[in-house]
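Structure first, then comments.
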2 protein chains.
Amino acid sequence: MAQTRAPRADAVRNRKKILDAAREQITLHGPDTGMDEIAAAAGVAVGTLYRHFPTKTDLVAAVVAEYITHVAEAAEGSRERLASGSRAVDEISDFLARVTEATATNHAVKAAARALGAEPVDRDAEARAAAALAALIQAGQADGDIHQDVTVDDIYLLFSTAPTDQPPAARARWLSLVLTGLTTHTRTAHEKPAS
Amino acid sequence: MAQTRAPRADAVRNRKKILDAAREQITLHGPDTGMDEIAAAAGVAVGTLYRHFPTKTDLVAAVVAEYITHVAEAAEGSRERLASGSRAVDEISDFLARVTEATATNHAVKAAARALGAEPVDRDAEARAAAALAALIQAGQADGDIHQDVTVDDIYLLFSTAPTDQPPAARARWLSLVLTGLTTHTRTAHEKPAS
DNA sequence: ATCCATCATGAACCCTGGTTCACGTTAATG
DNA sequence: CATTAACGTGAACCAGGGTTCATGATGGAT
């Protein structure tokens, strides 16, 4: 019944080369990078791209999927580190920093995805990320470091808007500003009744 | 010597129709809206677009320029309202809210601008906006409501990353989170020595 | 060593979308 | 009212880039 042979070795190799090249080239030369360029960067002919990915949209989608998986792993890593006694706020901070970093790499990719009508990918990875994040937030709230009203959606909202085309200094500053908004010991002063 | 005739009435009318249509269509159908669509929406032939704007890039640039002018006016409006005794924090909040709103409309426009290599436009309007903002921040700091380390660049950084493709509720939440980061009575708890 | 299914190649195809231009219209000037 | 420069029109043009396909190469099973 299993009529499917094992995939050829070079095919696997090429698939990986293509994905890497795609990520890199799109990151480098913007969302409008041509298939030709990607193929060239991968050391492969255009036709090979199409053997692995029926359409450019599919290729970009695959790259995005990789990215989401990466985010999920980062979140789960942070969560596990909680066991080793690190503070939740620090982990959240680290997580945001790491993801912002990664997102900076993938900004153009996401733009490309949007431009092509990115589609439902890897609900599983998304779920894992959300679960890990929820755990982190709860821990932080238990510590009294994170505002009670902060949710996973908040984190998503923030890092989906993370500045990705800014220099590192700006990104760091952004992170600092945003973290201040998540942590405790403040309610916006102007909402407070005039003491 | 003034050999230049007065511009024709319909020409002026059309120019406005084109700019409006461009903003609207790009907002509606994404950054990849074609010149044809814009022309149709403006009730004008393609050639007319090119009479007014030599290239698509120029057209988009013009739309962006309008937008920046709008931002500048919003900032100056807020600043003037300070005289009437309103708190600076509130004005900053209002400003961010209004700009976020406007930016939501212009998200696609900015994307289009980027994709075409948006270019230096209206340094003047930018300068006016920056000046007004600086005044607002200073006032807020004098009130003790805004962190001392907050700068105009911070505001720019934040609202340049404002979520623009999110529903209003999400945008409001974002604003709230961000404002918490700007206002006083907090330093990120996890940076504080363990009390 | 042989064979074949899988895979790679890249020139050619085609369609989308920005841009042009030769020709009709129309608003301003006198 | 006549004249003309400014303006509007839209079919046609052209380049860029995604996609295809006939042909050749190669890894793996026998």
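The values are calculated or read from the model by the stated rules, or taken from the named source; none is laboratory data. Keep in mind the model is a prediction, meaning the values are calculated, not measured. Here Cβ is always computed from backbone atoms with ideal geometry, including for glycine, and neighbour counts include all displayed protein chains. Each accessible area value is taken on the protein alone, full model and side chains, heavy atoms only, with ligands, DNA and RNA left out. Shrake-Rupley method; radii C 1.70, N 1.55, O 1.52, S 1.80 Å.
A few notes on this one:
- Looking across the range B:28-55 at every residue that is among the β-branched types (Val, Ile, Thr) and within 16 Å of B:Leu116 (Cβ to Cβ), the one that is nearest to DNA strand C (Cβ to nearest atom) is identified as B:Thr55.
- The lone exception for B:Asp154 - which of (1) in contact (Cβ under 8 Å) with a residue 60 or more places away in the chain; (2) facing chain A (nearest Cβ under 9 Å); (3) assigned to a helix (DSSP H, G or I) it fails: (1)
- Failed item, numbered, when A:Ala127 is tested on (1) modelled with pLDDT of 90 or more; (2) within 12 Å of another protein chain (Cβ to nearest Cβ): (2)
- Meets criteria (outside the structural domain of A:Leu96 (by TED's automatic domain parsing) and either more than 15 Å from DNA strand D (Cβ to nearest atom) or over 18 Å from A:Arg114 (Cβ atoms) (or both)) for A:Val12: yes
- Meets criteria (within 18 Å of B:Arg114 (Cα to Cα), within 12 Å of DNA strand C (Cβ to nearest atom), of a type in the set (D, E, K, R) and part of a helix (DSSP H, G or I)) for B:Asp58: yes
- First in the range A:1-30 and under 11 Å from A:Val63 (Cα atoms), second anywhere and among the charged types (D, E, K, R), Cβ under 9 Å, 6 or more apart: A:Leu19/A:Glu66; A:Ala21/A:Glu37; A:Arg23/A:Glu66; A:Ile26/A:Asp32
- Residues of the range A:67-94 classified as free of Cβ contacts under 8 Å to residues at least 24 places away in the same chain and part of a helix (DSSP H, G or I), total: 7
- Within the range A:19-60, tally of residues that are over 16 Å from A:Asn106 (Cα atoms) and more than 10 Å from DNA strand D (Cβ to nearest atom): 6
- Flag if A:Ala97 is touching a helix residue (DSSP H, G or I) at 6+ places or on another chain (Cβ under 8 Å), open to solvent by 30 Å² or more (accessible area, probe 1.4 Å), under 30 Å from A:Thr183 (Cβ atoms) and in a helix (DSSP H, G or I): yes
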